[in-house]
Amino acid sequence: MKPRINAITLGVNDLEKSLAFYRKLGLPSKGLIGTEFKGDKTHPSGTIAFFEMQGGLILALYPRVELAKDAHLHVGPPSATEFSIGYAVRTREEVDALLKRAKAAGAIITEKPYDRPWGIYSGYFQDPDGHLWEVMWNPQLEIKD
């Protein structure tokens, strides 16, 4: 296995609501695709939303029940503390601005930004499905656009 990740798929409860949320954050998407692939009780539908991120990474939104069917798993209870997604910015001010934008889009701010003892400035928000995002400024990290 090579050290890379090509796609991150977030299981969501309301695909259209989640799509709207991420668009309000400024992520471009072509909208819902795969709507012609209808699922049933055991086979997943193909309706999904993609966001093309830098470096070729795909952020996908897929209904939780369809993701469970696709992976042949039972839908379990969501947990915000299983993982977080980190979003690095160039300045402290960008941390504050993005958290403000996320809140306006419907996010829950779980931790206001502050200076961590290890040298970063960051805060957290949860999207409408509880997925945890950390917005951070690390003076040691070079951000490439």
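The values are calculated or read from the model by the stated rules, or taken from the named source; none is laboratory data. What you see is a predicted model; the values in this text were computed from it and never measured. So basically every Cβ, Gly included, is an ideal-geometry build from the backbone, and we count neighbours across all protein chains shown.
Keeping to segment 86-97, report how many residues are among the hydrophobic types (A, V, I, L, M, F, W, C) and exposed (fewer than 13 other Cβ atoms within 10 Å of the Cβ). Residues that pass the stated criteria total 0.
Residues that are in a strand (DSSP E or B) and within 13 Å of the chain's Cα centre (by Cα) were ranked within segment 98-132; the one that is surrounded by the fewest Cβ atoms within 10 Å (Cβ to Cβ) is Q126. Do we find a residue being part of a helix (DSSP H, G or I) and under 28 Å from R4 (Cβ atoms) anywhere in segment 80-97? Among the residues of segment 80-97, at least one is part of a helix (DSSP H, G or I) and under 28 Å from R4 (Cβ atoms), which makes the answer yes. Among the residues of segment 53-71, which ones are surrounded by fewer than 13 Cβ atoms within 10 Å (Cβ to Cβ) and either modelled with pLDDT under 95 or part of a strand (DSSP E or B) (or both)? Passing the criteria: Q54, G55, G56. Among the residues of segment 7-36, just one is charged (D, E, K, R) and touching a Ser or Thr at 6+ places or on another chain (Cβ under 8 Å), namely R23. Set side by side, the residues L15, L57 differ, and just one is within 14 Å of the chain's Cα centre (by Cα) and over 28 Å from Y121 (Cα atoms), which is L15. Here segment 9-52 is the region considered, the condition is being out of contact with any Pro (no Cβ under 8 Å at 6 or more places or on another chain) and in contact (Cβ under 8 Å) with a residue 40 or more places away in the chain, and the residue that is surrounded by the fewest Cβ atoms within 10 Å (Cβ to Cβ) is G26. Among the residues of segment 70-97, those identified as among the hydrophobic types (A, V, I, L, M, F, W, C) and touching a strand residue (DSSP E or B) at 6+ places or on another chain (Cβ under 6 Å) are A80, I85, A88, V89, V95. For I109, the conditions (1) out of contact with any Lys or Arg (no Cβ under 6 Å at 6 or more places or on another chain); (2) on the phi < 0 side of the Ramachandran plot all hold with the exception of (1).
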